[in-house]
Amino acid sequence: MLQKNEIYEAEITGMTTEGSGVCRIDGMAVFVPMTAIGDKLRVKIVKVLKSYAFGIIAELLEPAQGRCEPDCPVFRQCGGCVYRHVDYAQELQYKENHVRDAFTRIGKLSPEFQPILGNDSRGGYRNKAQYPVAMQDGKLICGFYARHSHRVIPFTGCLLQPEEFTALLEYLLPALQNAGVSAYDEQTNTGLLRHIYLRRGYHSGEIALCFVVRKSIRRKIQGMLAALQAEFPALVSITESINPDKTNVIMGKTVQVLAGKPVISDRMCGNAIDISPQSFYQVNTAQAERLYGIAKDFAQLSGGELLLDLYCGAGTIGLSMADRAGKVIGAEVIPEAVENARENAVRNGIANAEFYCGDAGEIAQMLQKQGLSPDVVILDPPRKGCDLPCIEAVAAMQPSRIVMISCNPSTAARDAAAFDERGYRAEIVRGVDLFPGTGHVECVVLLSREKN
């Protein structure tokens, strides 16, 4: 039995989806963060459970190929990135392995695996950030949570965010403190400012700022908004979202405009898009356009098909395929996102698209009862994947093809296996890296209905 605080020699032979290396010591799996496959090291055991243990690096004896010095000063404290200690080629290999392992081990499926599509750059790719706020040594600070905690690591220069976010935060924090805005304390449910939410249009450059607050700070900051916009002309939308609840959910139920527009504008796959703070919108625009291009190729549209886009968000996927479809029907549970989708269709002169507000499974069942039979269904579910009623309703409509876009290969493999039981074979799977540095990887799956 392994002993806590004891040190053992081991070699890292695997990698978890959360970015921790795996070694075996005395037959027990030990998870060690910030390691790489091939590392030979001395591991200090910090926690022992019944069938596995956790360790930290006591000494790196022989580094693995691809290991490098982290380029971020808070990498070891921040809970965002997990792969800044290996080069990008190594990171992509880990992520490709995660996708393959999910479908073969969890889904028990054997599709064709296409090579993972890497990002052009490891930095500056995010168009959205939500910074938790705290008080530290009498100063208002923001940054990111430390690993497995809600302790804020103060840092405004995240390498994943655009440089404009850093400049805006460094101007904003002292201005907010001077205006008497206090930081929210989640232990006592007191204070005002919970998060600073920023979003930037990749093509337009327009920036949205949303203050997530326990109570309105409109009166406190009204006098500084004109100066803020003068300093940052790209800042075209300033809003606040009031969330009074003691909860880990970031956004409140509504958003009020403090200055400028309620939305920012951008382009996605050639279409003009309006994005509200509540809208789901891929955080890596350039790579999302490539991702949607792969999905469009998998859909194999010829011009006359009925395309059903479930979990459609602001309609970006369905609208990007409308030029090759006879009709697009989108469904999304967030009302503001549905309104964005409808407005986006009108803005782009897309007359063959309509959008419904509701749960994906319920909308699919409603369309099935109406006798609608889509030729192709696009699924872009949240991390938890599709629920069973949605899968059953989609399969009952008997589309020729289902194209699933997923940010969680494990739930995608589970859902693909459920579709397999209902006559849909997973033909092709391709990983797409939208989040370099982190443990996340997207995948696109083509499911085709068996002829019999």
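Tell me the residue from V82, V74 that is open to solvent by less than 50 Å² (accessible area, probe 1.4 Å), touching an Asp or Glu at 6+ places or on another chain (Cβ under 8 Å) and under 23 Å from L434 (Cα atoms), please.
Numbers: V74 fails: touching an Asp or Glu at 6+ places or on another chain (Cβ under 8 Å).
Step by step, each of V82, V74 is checked, and only V82 is open to solvent by less than 50 Å² (accessible area, probe 1.4 Å), touching an Asp or Glu at 6+ places or on another chain (Cβ under 8 Å) and under 23 Å from L434 (Cα atoms).
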Inset, instruction - Considering every residue within the stretch 426-439, establish whether at least one is in contact with a Cys (Cβ under 6 Å, 6 or more places away or on another chain) and either in a helix (DSSP H, G or I) or of a type in the set (K, R) (or both). - result: no
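Filter the stretch 322-336 down to the residues that are within 22 Å of the chain's Cα centre (by Cα) and surrounded by fewer than 24 Cβ atoms within 10 Å (Cβ to Cβ), then identify the one that is modelled with the lowest pLDDT. Show your work before the answer.
Residues of the stretch 322-336 that are within 22 Å of the chain's Cα centre (by Cα), as a first pass: 330-336.
Cutting the leftovers down to surrounded by fewer than 24 Cβ atoms within 10 Å (Cβ to Cβ) gives us 333-336.
Working: V333: 88, I334: 86, P335: 89, E336: 82.
The residue in question is E336.
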Only one of (1) surrounded by fewer than 23 Cβ atoms within 10 Å (Cβ to Cβ); (2) within 27 Å of Q256 (Cα to Cα); (3) within 17 Å of the chain's Cα centre (by Cα) does not apply to T316, and that is (1)
In the stretch 410-425, residues that are part of a helix (DSSP H, G or I), closer than 20 Å to V376 by Cβ and not aliphatic (A, V, I, L, M) total 3
In the set E206, E163, the lone residue that is in contact with a Ser or Thr (Cβ under 7 Å, 6 or more places away or on another chain) and in contact (Cβ under 8 Å) with a residue 12 or more places away in the chain is E206
- Message: Looking at the stretch 58-71, can you tell me whether even one residue there is over 24 Å from L117 (Cα atoms), open to solvent by less than 20 Å² (accessible area, probe 1.4 Å) and not in a loop (DSSP other than H, G, I, E, B)?
- Response: no
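Would you pick out the residues in the stretch 22-50 that are among the charged types (D, E, K, R), open to solvent by 40 Å² or more (accessible area, probe 1.4 Å) and at pLDDT 95 or above?
Residues satisfying the conditions are R24, K40, R42, K44, K47.
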Conditions (1) over 30 Å from F419 (Cβ atoms); (2) open to solvent by 50 Å² or more (accessible area, probe 1.4 Å) -> S110 fails only (1)
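Just one of Q256, Q278 is on the phi < 0 side of the Ramachandran plot, touching a residue at least 24 places away in the same chain (Cβ under 8 Å), of a type outside the set (A, V, I, L, M) and in contact with a strand residue (DSSP E or B) (Cβ under 8 Å, 6 or more places away or on another chain); which is it?
On the way: Q278 fails: in contact with a strand residue (DSSP E or B) (Cβ under 8 Å, 6 or more places away or on another chain).
Among Q256, Q278, only Q256 is on the phi < 0 side of the Ramachandran plot, touching a residue at least 24 places away in the same chain (Cβ under 8 Å), of a type outside the set (A, V, I, L, M) and in contact with a strand residue (DSSP E or B) (Cβ under 8 Å, 6 or more places away or on another chain).
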Only unsatisfied item for R290, checking (1) modelled with pLDDT of 95 or more; (2) open to solvent by less than 30 Å² (accessible area, probe 1.4 Å); (3) within 22 Å of the chain's Cα centre (by Cα); (4) not hydroxyl-bearing (S, T, Y), is (2)
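The values are calculated or read from the model by the stated rules, or taken from the named source; none is laboratory data. This is a predicted model, so every value here is computed, not measured. A quick note on method: Cβ atoms are made from the backbone with ideal geometry, for glycine too, and the neighbour counts reach across all protein chains shown. SASA here: full protein model, heavy atoms, side chains in, ligands and nucleic acids out. Shrake-Rupley method; radii C 1.70, N 1.55, O 1.52, S 1.80 Å.
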